[in-house]
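**Q** A single structure is presented below for examination.
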Amino acid sequence: MAPIVSVIVPAYNGGRYVTRCLKSLCNQSFNDIEIVVVDDGSTDNTASAVAGLMAADKRIKMLAHDRTCGEGAARRTGILAAQGKYIAFLDTDDIFYRDAVASLYNAARQYDCDITVGASRLYFSHLHFSIGHYPGAGHPMFSQGLVSGREGTQALLEAQDIQCVCWDKLYRASLLKEIEVLPDVSVGPDFLINLSVFPKAGRIGSTYTEVCRWTYNGMGSKYYLLKWEEYLRSAKAAHSLIGTMRTDTPDMSVTAMYEWLGKGILNNLRESCVQRILHGYKDEEILTVIRDTCREFDFVPDTDAVLFLAESRRHLRNHRKFYNFTRLINLLS
């Protein structure tokens with residue numbers, strides 16, 4: 001008999017964390033699940049760690065790419081292989097709380113939702129500090145705990161009400177399997193998945209139960225330096241998706257979507273500039289990146305490269321102040 005929920009775990013060199021991640025799934029209070037691990041060409045002990053757990057729990061399955069294809073491709077492989085009526089995602093360095101799947105599934109069943117959004121907790125591992133995030137907190141759309149796909153997409157684009165991630169959500173499997181093309185990107189695949197399925201959802205529900213603890217280890221921003229070209233590929237794919245929505249969902253505000261994407265590109269460009277400053281890039285090199293990025297996307301707001309670089313330096317100073325403040329709080333607590 002097919003499981004009710006499939007949990008997809010894309011894995012690339014996650015051997016350090018994957019055992020903790022999978023144990024959090026094996027210990028779920030909701031038992032009718034399958035755990036689909038997609039090893040995206042790992043070169044560490046990820047495969048052997050998963051194999052050891054598979055021997056103890058037959059609900060764990062492992063699929064393997066013979067080369068590294070990117071997180072988007074790993075998620076797509078898992079989606080196609082999943083047998084459950086619903087699909088959830090979890091990254092190897094994150095964990096689900098014990099009642100995560102039960103909370104999401106019960107809300108989905110109660111409201112007959114295509115997508116259910118849960119609360120989450122962000123853990124700064126390098127600071128030993130965490131904060132909670134609750135879907136639609138204070139947002140009038142979620143006063144009844146249920147919104148349409150169109151309203152949910154608007155909340156998603158506002159960024160403060162629903163996160164553009166996959167690991168705090170439960171999706172009806174048929175909705176995900178309808179995605180025809182998911183670019184093989186390693187930066188931003190969650191955002192592309194949600195941008196593809198949210199407008200097509202009939203109902204989107206939410207629960208204030210914390211379902212996931214996701215880990216930020218202080219390395220995330222470096223991806224906007226090391227994988228900036230990959231991020232730009234993701235942004236171009238998002239631009240294409242928004243263009244498709246113009247036809248599929250003409251009532252959606254395409255202009256607002258482009259504005260949101262443009263702001264997102266600038267925010268991530270700022271992170272990329274900060275990393276370049278930290279790594280000793282010359283000002284002229286950074287200014288070239290700023291100008292080239294703004295020329296690449298005609299919907300990005302007009303930006304003075306010199307002023308943007310100065311703003312990035314201020315952003316770095318503020319980040320350091322926050323880091324020092326949280327360290328002090330942890331020392332005093």
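The values are calculated or read from the model by the stated rules, or taken from the named source; none is laboratory data. Small disclaimer: the values here were computed from a predicted structure and weren't measured. With ideal geometry, Cβ positions are generated from the backbone for all residues, glycine too; neighbour counts draw on all protein chains shown.
**Q** Taking region 69-125 only, how many residues are among the hydrophobic types (A, V, I, L, M, F, W, C) and in contact with a Pro (Cβ under 7 Å, 6 or more places away or on another chain)?
**A** Taking region 69-125 first, the residues among the hydrophobic types (A, V, I, L, M, F, W, C) are 69, 73-74, 79-82, 87-90, 95-96, 100-102, 104, 107-108, 113, 115, 117, 119, 122, 124.
Remaining after also requiring in contact with a Pro (Cβ under 7 Å, 6 or more places away or on another chain): 74, 117, 119.
Total meeting the criteria: 3.
**Q** Of all residues in region 77-108, how many are out of contact with any strand residue (DSSP E or B) (no Cβ under 9 Å at 6 or more places or on another chain) and not aliphatic (A, V, I, L, M)?
**A** Residues in region 77-108 being out of contact with any strand residue (DSSP E or B) (no Cβ under 9 Å at 6 or more places or on another chain) and not aliphatic (A, V, I, L, M): 1 in total.
**Q** Report yes if GLY78 is small (Gly, Ala, Ser) and modelled with pLDDT of 85 or more, otherwise no. It would help to see each step written out before you state the result.
**A** Working: small (Gly, Ala, Ser): yes; modelled with pLDDT of 85 or more: yes.
Criteria met by GLY78.
**Q** From the list ILE33, ILE8, ILE4, exactly one residue is touching a strand residue (DSSP E or B) at 6+ places or on another chain (Cβ under 6 Å), buried (at least 17 other Cβ atoms within 10 Å of the Cβ) and farther than 18 Å from TRP214 by Cα. Which is it? So that I can check it myself, show each step before the final result.
**A** Numbers: ILE8 fails: farther than 18 Å from TRP214 by Cα; ILE4 fails: touching a strand residue (DSSP E or B) at 6+ places or on another chain (Cβ under 6 Å).
The match here is ILE33.
**Q** Specify which of the listed residues (ASN31, ASN13, ASN45, ASN27) is in the same structural domain as ASN194 (by TED's automatic domain parsing), without any contact (Cβ under 8 Å) to a residue 24 or more places away in the chain and not aliphatic (A, V, I, L, M). Walk me through how you get there before you give the answer.
**A** On the way: ASN13 fails: without any contact (Cβ under 8 Å) to a residue 24 or more places away in the chain; ASN45 fails: without any contact (Cβ under 8 Å) to a residue 24 or more places away in the chain; ASN27 fails: without any contact (Cβ under 8 Å) to a residue 24 or more places away in the chain.
Of the residues listed, the single one that is in the same structural domain as ASN194 (by TED's automatic domain parsing), without any contact (Cβ under 8 Å) to a residue 24 or more places away in the chain and not aliphatic (A, V, I, L, M) is ASN31.
**Q** What number goes with the only condition from (1) at pLDDT 80 or above; (2) outside the structural domain of GLN28 (by TED's automatic domain parsing) that LYS227 does not pass?
**A** Going through the list (1) at pLDDT 80 or above; (2) outside the structural domain of GLN28 (by TED's automatic domain parsing), LYS227 breaks only (1).
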